[in-house]
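The values are calculated or read from the model by the stated rules, or taken from the named source; none is laboratory data. In this text, all values refer to a predicted model and were calculated from it rather than measured experimentally. As a convention, Cβ positions derive from the backbone with ideal geometry for all residues, glycine included, and neighbour counts pool all protein chains shown.
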Amino acid sequence: MLSRVFSSAILGIDAYIVEVEAHLTGTKLPRFVTVGLPEGAVKESKERVTAAIRNSGYSFPRKYITINLAPADIRKEGSAFDLPIAVGILAATGIVEPTYLDKLLLLGELALDGTLRPIKGALPIAICARDKGIRGIILPKKKC
């Protein structure tokens, strides 16, 4: 089972598109692996994503899960990949319909209960999305 979700990251003052691929297979023992030069908070996302999916009322798949963040040659930092990773896993299991996922950017940090927390860099990401012809962005509302 494979799904593809799009997100974005900041490099310097500019944003770039990140393709988040989720591949689930039952041929190995259950495990959650993230590849594509993840740093700090991105490596920790598996704990937030697992808890958020379970606490949102869904079963977390007992599969070998590989998350690929492309392009693989640029380091990915921050917690904004939590939402696209979670949606990618849910799309690969058939819980989320993937119909519009190729037309949107998804960004957001997940709390353990599944609620969303704001991210940094929304403006350059929105400019990048516009320049790349992406129809929309899904991201958490900043609390005032």
Does Ile89 meet the test of being in a loop (DSSP other than H, G, I, E, B) and either out of contact with any Phe, Trp or Tyr (no Cβ under 7 Å at 6 or more places or on another chain) or not hydrophobic (A, V, I, L, M, F, W, C) (or both)? no
Of the conditions (1) at pLDDT 95 or above; (2) closer than 29 Å to Asp14 by Cα; (3) buried (at least 17 other Cβ atoms within 10 Å of the Cβ); (4) not hydrophobic (A, V, I, L, M, F, W, C), the single one that Thr93 does not satisfy is (2)
The one condition Arg54 fails out of (1) without any contact (Cβ under 8 Å) to a residue 40 or more places away in the chain; (2) surrounded by 22 or more Cβ atoms within 10 Å (Cβ to Cβ) is (2)
Just to verify a result, which residue in the stretch 116-135, among those that are assigned to a loop (DSSP other than H, G, I, E, B) and β-branched (Val, Ile, Thr), is surrounded by the most Cβ atoms within 10 Å (Cβ to Cβ)? Ile119
Can you tell me which residues in the stretch 76-99 are of a type outside the set (S, T, N, Q) and more than 15 Å from the chain's Cα centre (by Cα)? Gly94, Ile95, Glu97
Could you tell me whether Val5 is surrounded by 14 or more Cβ atoms within 10 Å (Cβ to Cβ), among the hydrophobic types (A, V, I, L, M, F, W, C), more than 21 Å from Thr115 (Cα to Cα) and touching a residue at least 40 places away in the same chain (Cβ under 8 Å)? no
